[in-house]
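Asks: Shown below is the structure under consideration.
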Amino acid sequence: MSDGDDEDADGGEFGMSVGEDGEVTFVGRPPWGTKAAKIPVNSKASRGPVEDRRHILHWGEQLRPILASVMTAMFQLHGRSGQAIEKALRDPLKGRVQRIVGTGAQAIAERVAKEINGAVINLVADRADINKAIEHVRARVRNLTRRLTDDPTLTAKVAKAMREPFPNDAIMEVYLDEAAQEMLGGTSDSTAIKSQVQDIGFQIVGLVQSCRAPCDFVMMLHHVADSVTFDLSQKAEREQTRRTLEWLRRMEANVREPADIRYEALLTLLD
């Protein structure tokens with residue numbers, strides 16, 4: 001299972017470090033800021049399904065890696081401390097962030113991380129059981145992908161299948177059996193989360209059953225892994241989906257741009 005950093009609760013103690021080479025590392029997930037905390041959620045089962053504030057773009061999958069990359073570029077360009085890096089980080093925040101506690105560059109960077117994690121455009125109140133189930137499903141898909149090359153028992157089955165008269169069909173039989181066990185196993189309990197895990201698992205098994213060759217199966221697993229890192233909640237407004245996807249595409253495309261340009265682009269999620 002993943003670290004659960006897309007649950008409504010804080011994702012463990014949050015911290016940031018800057019290496020001697022300017023490499024930035026974020027640990028845990030920031031607590032919700034004021035705007036994010038004001039998003040109403042149902043916390044009482046007697047009133048209907050319990051809800052979380054759910055990320056559309058996930059903290060651990062997209063936000064944290066992008067933040068770490070941009071902040072590393074900024075610290076490497078402007079220095080690990082001093083007025084240059086503080087000014088470079090602070091000036092673009094004017095009009096976006098009201099008050100920053102602490103004057104050091106690291107305090108400013110941590111505040112930026114908190115704001116990005118709690119960007120209202122990227123949050124939607126929706127069912128907590130689905131939110132938590134996504135974490136389990138993602139872990140299962142990745143475990144299956146890893147086992148295709150790292151599990152001696154599975155690779156031995158594949159090696160045996162390769163000696164069959166129709167090796168592709170034999171290998172696909174092995175793969176589909178493993179997919180069914182990985183995605184549907186261990187969900188006999190009737191808890192709301194496990195029910196959602198199984199429902200999503202059945203959908204994934206149906207997808208991989210359409211594959212006709214081992215290479216198609218592997219590609220499908222990668223597509224599925226990507227699909228469960230972007231949370232298309234039915235309660236997300238169309239504008240939210242459009243803006244978050246647009247922001248993600250921009251950040252993925254500007255990795256070779258100067259640090260200051262990337263930082264400005266990062267902050268547009270707060271606009």
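Asks: Pick out the one residue from 141, 112 that is buried (at least 20 other Cβ atoms within 10 Å of the Cβ), assigned by TED's automatic domain parsing to the domain that holds residue 266, assigned to a helix (DSSP H, G or I) and not charged (D, E, K, R).
Replies: 112
Asks: Restricting to segment 54-72, count the residues that are modelled with pLDDT of 95 or more and in contact with an Asp or Glu (Cβ under 9 Å, 6 or more places away or on another chain).
Replies: Summing the residues that are modelled with pLDDT of 95 or more and in contact with an Asp or Glu (Cβ under 9 Å, 6 or more places away or on another chain) in segment 54-72 gives 4.
Asks: Name the single residue that is farthest from the chain's Cα centre (by Cα) among those in segment 10-56 being part of a strand (DSSP E or B) and acidic (Asp, Glu).
Replies: So the residue we want is 51.
Asks: Quick check: is even one residue across segment 153-165 over 24 Å from residue 264 (Cβ atoms), out of contact with any Lys or Arg (no Cβ under 6 Å at 6 or more places or on another chain) and polar (S, T, N, Q)?
Replies: yes
The values are calculated or read from the model by the stated rules, or taken from the named source; none is laboratory data. All figures in this text were calculated on a predicted structure; none of them were measured in a lab. Positions of Cβ are backbone-derived with ideal geometry, glycine not excepted, and every protein chain shown enters the neighbour counts.
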